[in-house]
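The values are calculated or read from the model by the stated rules, or taken from the named source; none is laboratory data. It should be emphasised that the depicted structure is a prediction, and the values quoted were computed from it without experimental measurement. Cβ: placed from backbone, ideal geometry, glycine included. Neighbour counts: every protein chain shown. Ligands, DNA and RNA are excluded from the accessible area calculation, which covers all protein heavy atoms including side chains. Shrake-Rupley method; radii C 1.70, N 1.55, O 1.52, S 1.80 Å.
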Amino acid sequence: MSSGQESVFSEYETETSQTSKLLRKFKETPFVPIGMAGFAMVVGYGLYRLKHRGDMKMSLHLIHMRVAAQGFVVGAITCGVLYSMLREYMVKPKE
């Protein structure tokens, strides 16, 4: 292959790498990684507390953890939607 074709392919690969796509999406919607991190923290805390749940039944403990994780994710999505609406309609000047 000629050197011109190699530079085109390497430029294409760097622009469309999975990491760059992921970083671009995180910049466009910053509350998605926050929701994912919060979900992971709630699940981690739930697993940690699993041994020290006392008299609470396993099913009740799992239901509480599921509701907490879903609540965190729904809250992050709601904040993200409000943030994008604010950015698009309030901060962006009318054209």
### Task
Quick one: what are the phi-derived ³J(HN,Hα) couplings along the stretch 60-70, Karplus 6.51/-1.76/1.60 with θ = phi - 60°, whole Hz, x for glycine and proline?
5, 4, 5, 5, 4, 5, 5, 5, 5, 5, 5
#### Entry: Residue-wise HN-Hα coupling along the stretch 44-56, computed from phi with Karplus coefficients 6.51, -1.76, 1.60 (Hz; x: Gly, Pro)
x, 5, x, 5, 5, 6, 4, 6, 10, 8, x, 8, 5
### Query
Taking the Cα centre of the stretch 27-76 as origin and charging only Cβ (+1 Lys, Arg; -1 Asp, Glu), how large is the dipole, in debye to the nearest 20?
180 debye
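Report in % the part of the accessible area of the stretch 10-91 that belongs to carbon and sulfur, leaving out ligands and nucleic acids; probe 1.4 Å. Numbers along the way, then the final one.
Values: 4570 of 6650 Å².
Ligands and nucleic acids excluded, carbon and sulfur reach 69 percent.
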